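The values are calculated or read from the model by the stated rules, or taken from the named source; none is laboratory data. Please read all numbers here as calculations on a predicted model, not as lab measurements. Reconstructed Cβ throughout: ideal geometry from the backbone, glycine too, with neighbour counts over all protein chains shown. The protein model used for the area step is the full one, side chains on, heavy atoms only, and it has no ligands, DNA or RNA in it. Shrake-Rupley method; radii C 1.70, N 1.55, O 1.52, S 1.80 Å.
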Amino acid sequence: GTEFIDSYVFNKAEYIRFNSTVGRYVGYTEYGVKNAEAWNKGPQLGQEQGELERFCKHNADLHYRAILDKT
């Protein structure tokens, strides 16, 4: 399967990440954990899932088609 990860970095340290496998935001610092809780309840989660649908599904289809064309 394909995994989509969207990382948010501040001062070279990842503080929050959207991971398509778990389907929500995960925080990696105290600040990130607080943001993850808020983002998972707000419109950000839906926007991220929309990006997942728009980008990953489209590109996965293209990639899959390219593999099929070569066989």
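Points to keep in mind about this one:
- Note on exposure: 28, 15 ranked by accessible area (1.4 Å probe, complete protein assembly) read 28, 15, with the most exposed listed first.
- Taking other residues whose beta carbon is less than 13 angstrom from the beta carbon of residue 22, and scoring Lys, Arg as +1 and Asp, Glu as -1, yields -1.
- Of the trypsin sites (Lys or Arg not before Pro) found in region 1-60, those in coil by DSSP whose Cβ has at most 14 other Cβ atoms within 10 Å are 12.
- Summed side-chain charge close to residue 37 - residues other than residue 37 whose Cβ falls under 13 Å, Lys, Arg +1, Asp, Glu -1: +2
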